[in-house]
Amino acid sequence: MAVDATTLAAASEQVLSWLVEHFDVDFSFLRFTDPVQRQSLLIAEWPRRAAESPDDPLHVAHLDDRDSALAQLSHTTEPIIIRPIPEFSGYQELIQQATGIESVSVAAVPLVSRGESTGALGFIKAGDREWSTRELNVLKAISALFAQLQARVVAEERLRYIAMHDDLTGLANRRSLLEYMEERLRPGCPGPVATFFLDLDRLKALNDFLGHTAGDNFIRTLATRLRDNLDPGDMIARLGGDEFVIVPAKPMDPTAADLEATRIQQLIARRVTVGGETVSRGASVGVAVGIPGETTVADVLRRADHALLSAKSSGGNGVAVFTDAMRAQFELQDDVELNLRGAVSDGSLLLHYQPEVDLRTGRVVALEALVRWQHPTRGLLPPGAFVGVAEATNLAGELGRWVIRTAAEQFAMWRRRGLASNVVIRINVSPVQLVSLDFVETIEGILRRFGIDGSSVCLEITEHVVVQDLARTQVTLRGLKRMGVQIAIDDFGTGYSSLSHLKALPVDAVKIDRGFVQRLGASADDLAIVKSIVGLAGSFGLGVVGEGVETTVAARTLVALGCYRAQGFLIARPMPAEEVEPHLAAGRIALDLDLPGATRAVTP
Ligand code: C2E
Ligand code: CA
Ligand code: CA
């Protein structure tokens with residue numbers, strides 16, 4: 001029979017009822033010994049007595065209670081026969097108290113496992129009764145079967161415990177957390193169900209300085225502190241490392257949850273003594289609230305995790321509750337993850353082109369291709385909404401190839417129509433693309449296919465990638481240079497590299513980050529930065545482009561500093577291919593900058 005801990009009592013009861021009939025007795029019972037709690041527990045009995053009260057004397061007996069007849073039963077490995085004689089009056093009284101039967105005969109056969117008593121199987125008959133050796137042998141055989149069953153169930157329980165608990169702290173583990181939350185979020189269950197995602201700030205440093213044993217002790221101490229200060233019914237789980245999840249037993253709305261999370265956060269942040277040192281670690285807590293029947297376990301956990309990220313990114317050691325704004329961002333991200341791959345192939349991506357001009361003449365010198373996504377429900381999405389997701393989900397390569405191919409095709413078409421002959425096409429490249437092994441070949445293939453010479457193409461990379469993997473970047477850039485392709489460093493001034501650092505790379509130009517250019521005329525600091533970038537670029541022989549020109553002041557300042565190439569809303573916004581064509585046909589964009597001594601840009 002497939003008996004486990006949950007069906008053990010019912011199955012045993014069934015067997016007892018057969019035995020009661022077979023041996024013609026009035027009552028029978030099965031008891032197990034719990035060696036840890038030092039107790040003898042009633043597992044099953046037949047017939048069932050009416051409504052067991054908690055102080056039923058047969059229910060639990062303490063093994064160390066020498067006066068307890070039940071305890072004595074648990075110490076022997078040989079059958080005990082009790083007859084209605086004065087010697088057994090204590091036991092007789094107990095039975096009378098619990099069952100109402102006066103003066104009984106009892107045969108109690110111990111369950112024996114590895115030479116130790118692990119429980120007892122007992123038979124009670126009102127009045128006096130003899131027990132034959134044959135009967136006792138049968139009872140011994142049956143109790144041996146029970147002993148085996150008991151051993152198996154105990155082992156299974158132990159495995160189940162291990163499967164559901166965290167080794168280090170004895171708290172629940174991920175699996176039992178998920179089972180518990182599944183129950184709590186069932187339709188009709190009381191809600192809202194608050195969930196706290198906890199993470200210790202900089203635990204790694206503790207492990208590094210005090211050693212892993214100290215780190216483990218620290219975590220154990222925190223686990224005990226949580227257990228001691230939370231409601232016994234609250235779910236506390238450790239997911240590994242320094243991640244804990246708490247689900248309070250009490251329903252809580254977001255406001256109550258915020259308060260409780262703050263209390264827990266402060267509890268965790270209190271000092272702990274480990275390895276002779278008093279240490280404390282701040283903790284960040286993300287809070288999300290689920291509605292039974294509406295929110296799934298995965299949703300609540302992801303929201304809490306998201307809120308945690310937000311708590312950490314605003315400095316750590318604080319609490320953040322999942323908000324609608326987070327939800328919107330989160331949904332967008334999910335949606336992007338789900339649909340981006342399709343978008344790359346189904347024609348919903350498109351390119352806009354933003355002209356770059358020579359500020360002195362208004363001549364269009366380059367076009368930057370900027371990707372957009374015509375999303376079925378969300379409208380036209382800017383690259384900021386999906387390029388990052390593409391990079392995080394292995395789609396950057398595919399997206400990047402689409403951009404390069406599409407821009408090259410468009411550019412080749414313009415050239416065939418006599419447009420854009422002195423214009424360079426600028427294409428943004430993800431760091432991920434740049435380190436992929438076949439990048440150079442991909443570019444080569446595309447340029448050959450559309451008959452574009454390398455020098456008409458400028459790839460824009462960020463400083464970031466350059467700093468991360470200099471050696472690899474060098475190899476790729478040299479390959480590109482062999483085809484004559486130009487390289488520009490985008491968003492220059494925001495990263496970590498210095499111009500001298502860039503000297504190691506075959507770079508042609510830098511684009512001054514729009515953050516500095518925008519405030520030209522308003523910020524003396526930014527003026528100083530732009531001035532030094534332009535000066536240094538000049539001395540390294542690099543071209544320089546000002547991005548984000550929004551005002552005539554900024555444009556005039558750039559010219560005064562000697563940075564003539566520029567891009568920005570003042571000149572032209574990024575626009576669809578057909579809208580760029582008139583500008584390409586004209587070759588210039590009219591600007592009214594009123595530059596001293598310069599030719600005014602005119603539209604022919
Ligand atoms: P970026 O390369 O710095 O591109 C310039 C961004 O500045 C564009 O934003 C453009 O619309 C915006 N911009 C241009 N002039 C002005 C101005 O005067 N004022 C202000 N405030 N903004 C201006 P967009 O199109 O949203 O692109 C954002 C970023 O997304 C780009 O920054 C680039 O890093 C990335 N990106 C765009 N297209 C691609 C692509 O095809 N591949 C990759 N990997 N990244 C791309
Ligand atoms: Ca760019
Ligand atoms: Ca830029």
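The values are calculated or read from the model by the stated rules, or taken from the named source; none is laboratory data. Every value quoted in this text rests on a predicted model; they were computed, and no experiment measured them. Ideal geometry is used to build each Cβ from the backbone, glycine not excepted, and the neighbour counts take in all protein chains shown. Remember, those area values only see protein heavy atoms, side chains included, never the ligands or the DNA or RNA. Shrake-Rupley method; radii C 1.70, N 1.55, O 1.52, S 1.80 Å.
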List every residue pair whose Cβ atoms sit under 8 Å apart, with the two residues 6 or more apart in sequence or on different chains, where the first one lies in the range 464-482 and is outside any helix (DSSP H, G or I) and the second, anywhere, is modelled with pLDDT under 90.
-> 469/435
Do you know which of the residues in the range 547-573 that are over 17 Å from residue 368 (Cα atoms) and in contact (Cβ under 8 Å) with a residue 40 or more places away in the chain is farthest from ligand 2 (Cβ to nearest atom)?
-> 552
Could you pull out every one of the helices (runs of 4 or more DSSP H) wholly within the range 169-236 that has 1 or more residues that are more than 21 Å from residue 297 (Cα to Cα) and out of contact with any Gly (no Cβ under 8 Å at 6 or more places or on another chain)?
-> 203-210, 212-229
For the range 502-583, list the helices (runs of 4 or more DSSP H) that sit wholly inside it and hold at least 1 residues that are assigned by TED's automatic domain parsing to the domain that holds residue 355 and in contact with a Cys (Cβ under 7 Å, 6 or more places away or on another chain); which are they?
-> 524-539
Output for Cβ contacts, cut-off 7 Å, separation at least six or different chains, first residue open to solvent by less than 10 Å² (accessible area, probe 1.4 Å) in the range 209-224, second of a type in the set (Lys, Arg), reads 223/238
Cβ-Cβ below 9 Å, separation at least six or inter-chain, first residue in the range 406-421 and at pLDDT 95 or above, second of a type in the set (Lys, Arg): which pairs?
-> 407/426; 408/449; 409/449; 412/449
Is it true that residue 591 is hydrophobic (A, V, I, L, M, F, W, C), without any contact (Cβ under 8 Å) to a residue 24 or more places away in the chain and either in a helix (DSSP H, G or I) or buried (at least 18 other Cβ atoms within 10 Å of the Cβ) (or both)?
-> no
Enumerate the pairs (first residue in the range 301-320 and in a helix (DSSP H, G or I); second residue anywhere and aromatic (Phe, Trp, Tyr)) with beta-carbon separation below 6 Å, excluding pairs fewer than 6 apart on the same chain, so at least 6 apart or on different chains.
-> 303/322; 304/197; 305/197; 306/330; 307/322; 308/197
Which condition number does residue 558 fail, the rest of (1) touching a Phe, Trp or Tyr at 6+ places or on another chain (Cβ under 9 Å); (2) farther than 26 Å from residue 531 by Cα being met?
-> (2)
The range 505-533 residues that are away from ligand 1 (no atom under 15 Å from the Cβ), paired with ones that are open to solvent by 60 Å² or more (accessible area, probe 1.4 Å) and part of a loop (DSSP other than H, G, I, E, B) (beta carbon under 9 Å, 6 or more apart) = 507/540; 525/519; 527/519; 527/521
Within the range 131-151, residues open to solvent by 20 Å² or more (accessible area, probe 1.4 Å) and either of a type in the set (S, T, N, Q) or free of Cβ contacts under 8 Å to residues at least 12 places away in the same chain (or both) come out as 132, 133, 134, 137, 138, 141, 145, 148
Is it the case that residue 265 is modelled with pLDDT under 95, under 30 Å from residue 577 (Cα atoms) and surrounded by fewer than 22 Cβ atoms within 10 Å (Cβ to Cβ)?
-> no
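Rundown of residues vs (1) open to solvent by 60 Å² or more (accessible area, probe 1.4 Å); (2) of a type outside the set (A, V, I, L, M, F, W, C), yes/no style:
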residue	(1), (2)
527	yes, no
549	no, no
563	no, no
568	no, yes
Note down all Cβ pairs under 7 Å where the first residue falls in the range 263-280 and is in contact (Cβ under 8 Å) with a residue 12 or more places away in the chain, the second is of a type in the set (Phe, Trp, Tyr) and exposed (fewer than 15 other Cβ atoms within 10 Å of the Cβ), and they're at least six residues apart or on different chains.
-> none
Filtering the range 348-407 down to residues that are among the basic types (Lys, Arg) and more than 16 Å from ligand 2 (Cβ to nearest atom) yields 360, 363, 378, 401, 405
In the range 214-255, residue modelled with the highest pLDDT [restricted to those that are small (Gly, Ala, Ser) and farther than 15 Å from residue 180 by Cβ] | 223
Spans of helices (runs of 4 or more DSSP H) in the range 8-105 with at least 1 residues within 52 Å of the chain's Cα centre (by Cα) | 8-23, 69-73
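Yes/no matrix, rows are residues, columns are (1) within 17 Å of residue 365 (Cα to Cα); (2) within 9 Å of ligand 1 (Cβ to nearest atom):
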site: 382; (1), (2): no, yes
site: 386; (1), (2): no, no
site: 390; (1), (2): no, yes
site: 396; (1), (2): no, yes
site: 405; (1), (2): no, no
site: 408; (1), (2): yes, no
site: 412; (1), (2): yes, no
site: 415; (1), (2): yes, no
site: 421; (1), (2): yes, no
